[in-house]
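Asks: Please find one structure pasted underneath; my questions will follow.
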Amino acid sequence: MAISLRQRLSAYVIMGILLLFILIPLVAGALTAFKPQIIWVSSPPVWVFQPTLENFEFVFIQRQNLLHLRNSLIIASGSVAIALILGVPAAYALARFRFRGSKGLLQWLISLRMIPPIVVALPFYVLFQTFDLRGTHFGLILAYLTFLIPLVIWMMRGYFVEIPSAMEESAMVEGYSRLQALRKVVLPVVTPGIIATALLNFIFAWNEYFLALILGGRDTSTLPVAAATYVGRARVEWGNLFAVNLIIMLPVIILTIILRRQLVKGLALGLVE
Amino acid sequence: MKATRLAVFTLLLLVLVPMGVMAQSEVEPFEVTDPATGARPFEGQELRIINTEVVPILAYEHEVFDAAYVEASGVNLIYENYDQGALLPVLQTMCAAGGDDYDIMFVEDGWSGSLEALGCLEPLAPYYMAAPGDSHPEDYTIRAFGTVAMHNQTWYGMPTLIAVGMFAYRTDLFSDPDEQAAFQEQYGRELTVPQTWDELKEVGEFFTRPDEDLYGFNYRYGTPNNILFDYMIHFGFSRGVNFFDPDFNPLFATDAAFDAASFFTGQDFLSLQPPGRESFQFGEVLQNFTQGKVAMYGTESWAIPLLLDPEASTVADVTGFAPIPGWRDPDTGEVHRALLSAGPAYMINANISPERKRLAWDYLQLAYGQQFERLLAEQYGAGHRISTLSDPDLVAQYPHLAANLEAMKVGIGRPSEPWWPEAENALGQALQAAVAGSPVEEVMTAANDEVINIVRDAGYYDNGAHYVSVEEREQYVCTLFGELGLESPEC
Amino acid sequence: MTASTEVKPVATETGAFRRWLYRMSQKYVHWFFIAPALIAVLVVAIYPIVYSTGLSFFRVTFDSRERPFVLFENFAWVLNDTDYRVAFGNTLLYVFVTVSGAFILGFGVALLLRRITVGRNWLRLVLLLPLTIAPIVVGLTWNWMLDPLFGLINWILTGLGLPPQTWLASTSTARIAVMLVDIWQWYPLIFLIMDAGLSGLPRAPYESARLEGASEWTIFRRITLPLLRPVILVALLLRTVDAFRTFDLVRVMTDGGPAYTTETLSLYLYRTAFNFNKLSRAGAGSMIMLLVIGVISAIMFRYLYRDVERH
């Protein structure tokens, strides 16, 4: 492992520049969340100021964004859970059984993810009207499944392919049914994979904006939709926007920190060989 | 001239008014909530409103009006707030299905045509006849009322906002003796708030000092509908441009339209505005003014409370308002001003039960009535009614109210045809292309042709549809007021 | 297919039926696993596609009660529309630039991280941050950063003695500015996948190559790249699929402007359907888009699976 000092040094320098690019907007934005509205924008920028919580007070008390946080939590975790429940067995079958059209089915499933949200939005709009799903969490969960299920199946299949089929076969010889074998023998092995899949899907569902905008009502609108309201036709309320953004980012970051090891392990497990 | 116009009106009225009257069914007199008598006929009921809050003033209204109405009536208000961009499709889908999910709908001035076609709008005249309450429709300027509250001859809504163009400027700059002296020296005349676009160009040039981070003024060139709006609102109308002739032929390839567009998109005019203007929308231009980067600013009436709020603007205490400049007629020397006015109204869903309709009217007549609007004006310095905008006490407290009223009188509404957004987009794109350097006449002519296609596509030429002119619209309002037994000084 | 089990012959009718049921259930067991997901997909994905396809052969608006059949009128209209063609071109360019940009950056960072020994876990987390922000907020944050008068970028530029720029307002820079922000947001996804891929590589081939004195570049080209090929294709495919759907970011940053240079298909279709009330034209436009995306993904799939099979 001969890496020269110069190479190593330049690696640190490049990484340092990159970190600046990532962190400057985030830190500057986070600071703005604590600025009084008169200096949300200013030139030159103000770096030293008396921090205030009035933006948070505004978004949480006056605009009740806690409700949106609740909606986001229900919809994102609900849709990920359902996508996993439906997708994991399908992925397992696609990995284990070779049947006519199994490859085509897989390809077809992942290409479903490419459907532009606008194609989905219109029919759902009508569907919601017919079945009175507008303004329900379930409606949005259903809509999110369009792009979550394909990803779940596609990622999970990668993990199941890795597991030697001898594993559940021997379990089945011992009297387990296939379903039991899947549950008690295979799933524990692919847990990091499930966690990685769940986390990635959670991020997609958590940050989704378009469908939530078109299909959500007051009782179901999510945090990204709430964030967008601070950029009204009238003006941009930067401080309120960044205050909400901190709330949007926090759960994902916390989850990523907690599940960091499983995430990397899971991704490595499924995607390499 | 006048005689032919009159003849056309009479003819139209003869044909159309009976149709309108026939369509309006009678409503028996009923009792409405009245804080003065303590009448609470709808106590305990629920009223469902589908809504959006695009500009802060709407939120202030709900804060003030709803609290007062709920206290007076004992009615529960239930809101469903949508994003403004998603609301029209929601309403259209609901109406096409004959849905009765909401009692009151938020309807922008351009939307009523398509909702009327779906049979979703309840005419309000019968309710006024049955129980006028505090509604006072004659208390609005007829231009604004015709644009916002009516579609052609029928009264459908109570205005929740009447947005008209306003002109804001920095009083500290204009009253600074050093600036005045410098301007006098440079241009040989006094530094005054500009009355015409040519004056504005001079003053703008004078104040454009990029090294001091100060620019003359600021418009919105950012999105197709913004840019078209600002073009028409401030330059087109006052230059004599109109949207359509009576047969729906678009008028954007006329000399006047080219003239106004060349001025508006010309480099020497753009260079008086802060860098980045090609991408600016409301948020950015407001931000630039409130942070003291521009000397003058063309805005809309709803922005006034924000501009006067010292927590939102660094120049709140030195912000003054004036009428928007116009073009000086070379022959008469008169300044010709005209501007676009727009705004939403609350309308009643025609598909709900008669009892619910009466409840909805109860809310409209009181919450958006004359008394409560005073509360709003006292607190936020904003209002839409003549009585508020001309009230001596209020005007003394908020001098801009007088300018607001003047602007309302000359405000012209957008076409409310269902296809108008598409036409607006085509025209706005042409203006953006002109800003980016394409020849004005070429792009405007192409856009004009595109609008012709859009109108033809909608079947308007085949059906011989008639474009309602500003004068006709005024006449419709006066006719309505006449039928209701009301008098407006403008009629 | 399975390792199991002899069922003793049972003479009764119900026994034969049960045996048949059992055999069938063994033969088609995979469908029991797949069916729930498939049914869900049929509802949430196929129904919308069928619906849109249906729309595109009729003339439909939000406020229409009659829906006349017009065959290919909408397709012809959309294909004739210059705006649609421009949006299509923009989208293809957008996908190409942002996917390759995110790939180069993401892979590069993953490689770079292997040379860094201090605080690698925390670095990983920070590098992932842009992925955790909602795209709409990313767009707004960068609007704020790039603001011509108040933005930090211009503040830094003028601090360095460079002229301030109007990134999103100029037809020459708006496109690239939006694409760079897209790369900023999505490179972490590629990084995440490539980082996992790199950490799973076997050591043996590297050691023997080093013994033979191969250069770093040769090792990278001859060993790392071929070994990572499947991972690379997975990353590229996933990103390409999502890049075609981009809406939020462009919507808030430029909304297609200035002068239509950043208009993408998603924006165009949104406008056509929701602003212009031309549902069936939007339907036709999406069908054409779906076809093109389908072809592109089919090509990528062939590469991906040829590779996996060889493996």
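Laboratory data are not the source of any read-out in this text; all were calculated from the coordinates shown. Computed from a predicted structure; not experimentally measured. Neighbour counts run over all protein chains shown; Cβ positions are idealised from the backbone, glycine included.
Asks: If you average the C-alpha positions of the range A:97-166 and of the range C:218-253 separately, how far apart do those two centres end up, in angstrom?
Replies: 21 Å
Asks: What does the charge count near residue A:7 come to, summing +1 for each Lys or Arg and -1 for each Asp or Glu among other residues with Cβ under 12 Å from its Cβ? Could the numbers behind the result be given before it?
Replies: Working: positive: A:6, A:8, C:114, C:115; negative: C:216.
Within the 12 Å Cβ shell, the charges total +3.
Asks: Sequence-distant or interchain residues sharing an amide H contact under 5 Å with residue B:300, placed H: which?
Replies: B:166
Asks: Between residue B:456 and residue C:207, what is the spin-label point distance in nm, taking each point 7 Å from the Cα along the Cα→C-beta axis?
Replies: That separation, rounded to one decimal, is 7.8 nm.
Asks: Give the separation of the Cα centroids, the range C:108-141 to the range B:325-340, in Å.
Replies: 58 Å
Asks: Starting from the Cα gyration tensor of the protein assembly as shown, multiply each eigenvalue by 5, take the square root, and state the resulting semi-axes largest first in whole Å.
Replies: Those come to 55, 37, 27 Å.
Asks: Given the DSSP H assignment, sum -39500 (n - 2.57) over each helix run of at least 4 residues in chain B and divide by its residue total; what's the result at 222 nm in deg cm²/dmol, nearest 500?
Replies: Numbers: 24 runs with 226 residues, N = 491.
-13000 deg cm²/dmol, from helical runs alone.
Asks: Using the Cβ atoms and a cut-off under 15 Å, what net charge is assigned to the surroundings of residue C:71, where Lys and Arg are +1 and Asp and Glu are -1?
Replies: So the environment of residue C:71 carries a net charge of +2.
Asks: Over the Cα atoms of the range B:192-259, what Rg and Dmax result, in angstrom?
Replies: For the range B:192-259, the Cα-based Rg and Dmax read 15.0, 51 Å.
Asks: Using Cα pairs under 8 angstrom and six or more residues apart, how large is the relative contact order of chain A, in percent? Please list the in-between numbers first.
Replies: On the way: 282 pairs, mean separation 79.8, N = 273.
Computed over chain A, the figure is 29 percent.
Asks: Can you list the GluC sites (Glu not before Pro) in the range C:185-238 that are in a DSSP coil and have 11 or fewer other beta carbons within 10 angstrom?
Replies: Numbers: sites: C:207, C:212, C:216; in loops: C:212.
For GluC sites (Glu not before Pro) across the range C:185-238 that sit outside H, G, I, E and B with at most 11 neighbouring Cβ atoms in 10 Å, the list reads C:212.
Asks: Here's something else I'd like to know. Cα centroid distance between the range A:195-273 and the range B:62-86, in Å?
Replies: The range A:195-273 and the range B:62-86 have Cα centres separated by 31 Å.
Asks: Would you mind ranking C:170, C:215 by Cβ crowding within 10 Å, fewest neighbours first?
Replies: Working: C:170 20, C:215 9.
Lowest to highest Cβ neighbour count: C:215, C:170.
Asks: Here's something else I'd like to know. Quick one: if the Förster radius is 45 Å, what FRET efficiency do residue B:179 and residue B:491 give, using the C-beta to C-beta distance and rounding to 0.05?
Replies: Values: r = 45 Å, r/R0 = 0.99.
Working from the Cβ atoms, E equals 0.50.
Asks: Put +1 on the Cβ of each Lys and Arg and -1 on the Cβ of each Asp and Glu in the protein assembly as shown; which of C:270, C:61, C:91 then has its Cα farthest toward the positive end of the dipole?
Replies: Looking along the dipole axis, the top candidate is C:91.
Asks: Loop-only check: which chymotrypsin sites (Phe, Trp or Tyr not before Pro) in the range C:62-96 are DSSP coil with at most 14 other Cβ within 10 angstrom?
Replies: Passing both the DSSP loop test and the Cβ count: C:72.
Asks: Could you work out [θ]222 nm for chain A from helices alone, using -39500 (n - 2.57) per DSSP H run of at least four and dividing by all its residues? Round to the nearest 500 deg cm²/dmol.
Replies: Here the helix-only value at 222 nm equals -22500 deg cm²/dmol.
Asks: Taking loop as defined by DSSP and a crowding limit of 16 other beta carbons within 10 Å, which trypsin sites (Lys or Arg not before Pro) in the range C:50-150 fit? Before the final figure, lay out each step's value.
Replies: Details: sites: C:59, C:65, C:85, C:114, C:115, C:120, C:124; in loops: C:59, C:65, C:114, C:115.
Within the range C:50-150, the qualifying trypsin sites (Lys or Arg not before Pro) (loop, at most 16 other Cβ atoms within 10 Å) are C:65, C:114, C:115.
Asks: Mean-square fluctuation check for chain A, GNM, Cα pairs under 10 Å: which of A:42, A:177, A:77 is largest?
Replies: Highest fluctuation of the listed residues: A:42.
Asks: Any chance you could list P(r) for the range C:76-310, counting all Cα-Cα pairs in 10 angstrom bins from zero, rounded to whole %?
Replies: Pairs per bin, as whole percents: 7, 25, 30, 22, 12, 3, 0.
Asks: Ok, one more. Given the pairs A:35/B:201; B:201/C:278; A:35/B:293, which span a C-alpha to C-alpha distance of over 32 angstrom in this model? Don't skip to the end; give the middle numbers.
Replies: On the way: A:35/B:201 36 Å; B:201/C:278 41 Å; A:35/B:293 20 Å.
Going by Cα-Cα distance, A:35/B:201; B:201/C:278 fall outside the 32 Å limit.
Asks: Relative contact order of chain C: what whole-number percent is it, with Cα pairs under 8 angstrom and at least 6 residues apart?
Replies: On the way: 291 pairs, mean separation 84.4, N = 311.
This gives 27 percent for chain C.
Asks: Continuing with this model, one more query. Apply the Karplus curve 6.51 cos²θ - 1.76 cosθ + 1.60, θ = phi - 60°, to the phi angles in the range A:61-77 and return the couplings in whole Hz, x for Gly and Pro.
Replies: 8, 6, 9, 6, 5, 4, 4, 5, 4, 4, 4, 4, 4, 4, 5, 5, 6
Asks: Based on Cα coordinates alone, diagonalise the gyration tensor for the range C:13-55, multiply each eigenvalue by 5, take square roots, and list the semi-axes in whole Å, largest first. If you can, show how the numbers build up before the last one.
Replies: Numbers: eigenvalues 250, 22, 8 Å².
Values for the range C:13-55, descending: 35, 10, 6 Å.
Asks: Same structure, new question: Amide H of residue B:319 versus every other amide H placed in the peptide plane: which residues, excluding those fewer than 5 positions away on the same chain, fall under 5 Å?
Replies: When sequence neighbours closer than 5 places are left aside, the close amide H contacts are B:171.
Asks: Give me the Kirkwood hydrodynamic radius of chain B, using the inverse of the mean 1/r over all pairs of distinct Cα atoms, in Å to one decimal. It would help to have the intermediate numbers written out before the result.
Replies: Working: mean 1/r = 0.0423 Å⁻¹.
The answer is 23.7 Å.
Asks: Moving on to the next point. Around residue B:467, which amide H atoms from residues at least 5 apart in sequence, or from another chain, sit under 5 Å from its own amide H, with H modelled in the peptide plane?
Replies: Those lying under 5 Å, H to H, from residue B:467 are B:247, B:248.
Asks: Using DSSP loop states and a limit of at most 12 other Cβ atoms within 10 Å to flag trypsin sites (Lys or Arg not before Pro), what is the longest stretch of chain A containing no flagged site? Spell out each step's value before the answer.
Replies: Details: sites that count: A:98, A:100.
Of all site-free stretches, the longest is A:101-273.
Asks: Separate question: Let me know the charge dipole size of the protein assembly as shown about its Cα centre in debye, to the nearest 20, where only the beta-carbon of Lys, Arg (+1) and Asp, Glu (-1) is charged. Please report the intermediate quantities before stating the final value.
Replies: On the way: 73 positive and 103 negative charges, 1637 e Å.
My answer is approximately 7860 debye.
Asks: Assuming R0 = 45 Å, can you tell me the calculated FRET efficiency for the pair residue B:129 and residue B:270, based on Cβ-Cβ distance, to the nearest 0.05?
Replies: Numbers: r = 53 Å, r/R0 = 1.18.
Plugging the Cβ-Cβ distance into 1/(1 + (r/R0)^6) gives 0.25.
Asks: Here's another thing I want to ask about it. Compute the whole-percent fraction of alpha carbon pairs in the range A:53-271 spaced more than 33 Å apart. Mind showing how you got there, number by number?
Replies: Details: 6295 of 23871 pairs.
The proportion of pairs with Cα distances above 33 Å equals 26 percent.
Asks: How high is the FRET efficiency from residue C:71 to residue B:442, r the C-beta distance, R0 35 Å, rounded to 0.05? Kindly include the intermediate steps, with their values, before the conclusion.
Replies: Working: r = 35 Å, r/R0 = 0.99.
Between residue C:71 and residue B:442 the formula returns 0.50.
Asks: Let me ask something else. So what is the relative contact order of chain B, in percent, for Cα pairs below 8 Å that sit 6 or more residues apart?
Replies: On the way: 866 pairs, mean separation 120.6, N = 491.
This gives 25 percent for chain B.
Asks: Given labels modelled 7 Å from the Cα in the Cβ direction, how far is it in nm from residue C:43 to residue A:47?
Replies: Spacing of the two 7 Å Cα→Cβ label points: 5.5 nm.
Asks: From the backbone phi of the range B:302-318, what are the Karplus-calculated ³J(HN,Hα) couplings (6.51 cos²θ - 1.76 cosθ + 1.60, θ = phi - 60°) in whole Hz, Gly and Pro given as x?
Replies: So the J values, rounded to whole Hz, are 5, 7, 4, x, 5, 5, 9, 8, x, 7, 9, 10, 6, 10, 4, 7, 10.
Asks: Hey, in the GNM for chain A with a 10 angstrom Cα cutoff, which one of A:135, A:16, A:101 fluctuates hardest?
Replies: A:16
Asks: Kindly write out, for the range C:153-158 in residue order, the coupling ³J(HN,Hα) from the Karplus curve 6.51 cos²θ - 1.76 cosθ + 1.60 (θ = phi - 60°), rounded to whole Hz, with x marking Gly and Pro.
Replies: Coupling constants for the range C:153-158: 4, 5, 4, 5, 4, 5 Hz.
Asks: How would A:69, C:211, C:189 line up from fewest to most surrounding beta-carbon atoms within 10 angstrom? Before the final figure, lay out the partial values.
Replies: Numbers: A:69 19, C:211 8, C:189 22.
Ordered from fewest to most neighbouring Cβ atoms within 10 Å, A:69, C:211, C:189 come out as C:211, A:69, C:189.
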